[in-house]
């Protein structure tokens with residue numbers, strides 16, 4: 001790993017010793033990542049691994065923005081936002097992908113619950129956003145069609 005002295009000093013100075021340790025030892029910083037959930041090959045299993053079997057409630061407060069049709073399944077833009085209070089995390093699932101859990105974002109208290117990313121989709125399938133707020137799960141789902149010119153049909 002190549003890291004300049006300036007980057008290291010800045011990381012330690014702005015984030016304290018723990019951030020500095022995370023910059024030096026990325027494996028330790030990511031030790032708490034949800035490995036089982038990310039490696040699950042079925043959405044239900046990934047949900048169970050991430051949230052312990054709790055079923056999300058469909059909510060209009062979870063705003064999932066994804067295209068109706070994705071011309072290139074390799075880079076599908078997905079955004080999730082909510083105005084719910086006390087949001088703890090936002091997760092994005094791509095139902096028919098080999099590993100359905102595409103992303104999980106931990107939302108620090110006092111931070112706007114608004115995330116955007118690009119996901120890979122092999123074929124037309126449902127995209128589901130799960131928001132954990134006040135210890136409860138809420139979700140929104142949208143079907144995204146991947147055209148033949150994309151990764152599948």
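Let me confirm something: among 105, 93, 38, which residue is within 15 Å of residue 140 (Cα to Cα) and either surrounded by fewer than 19 Cβ atoms within 10 Å (Cβ to Cβ) or touching a strand residue (DSSP E or B) at 6+ places or on another chain (Cβ under 6 Å) (or both)?
93
Go over the candidates 76, 130, 115 one by one and state the one that is at pLDDT 95 or above, under 19 Å from residue 147 (Cα atoms) and surrounded by 15 or more Cβ atoms within 10 Å (Cβ to Cβ).
Step by step, each of 76, 130, 115 is checked, and only 76 is at pLDDT 95 or above, under 19 Å from residue 147 (Cα atoms) and surrounded by 15 or more Cβ atoms within 10 Å (Cβ to Cβ).
What pairs can you find where one residue is in segment 95-110 and touching a residue at least 40 places away in the same chain (Cβ under 8 Å), the other is surrounded by 14 or more Cβ atoms within 10 Å (Cβ to Cβ) and assigned to a loop (DSSP other than H, G, I, E, B), and their Cβ atoms are less than 9 Å apart, with a gap of 6+ or different chains?
Cβ pairs passing all conditions: 98/122; 99/40; 100/40; 101/34; 101/40; 104/34.
Within segment 83-95, is even one residue more than 15 Å from residue 131 (Cα to Cα), modelled with pLDDT of 95 or more and not in a strand (DSSP E or B)?
yes
The values are calculated or read from the model by the stated rules, or taken from the named source; none is laboratory data. All of these numbers come straight from a predicted model, not from anything done at the bench. So basically every Cβ, Gly included, is an ideal-geometry build from the backbone, and we count neighbours across all protein chains shown.
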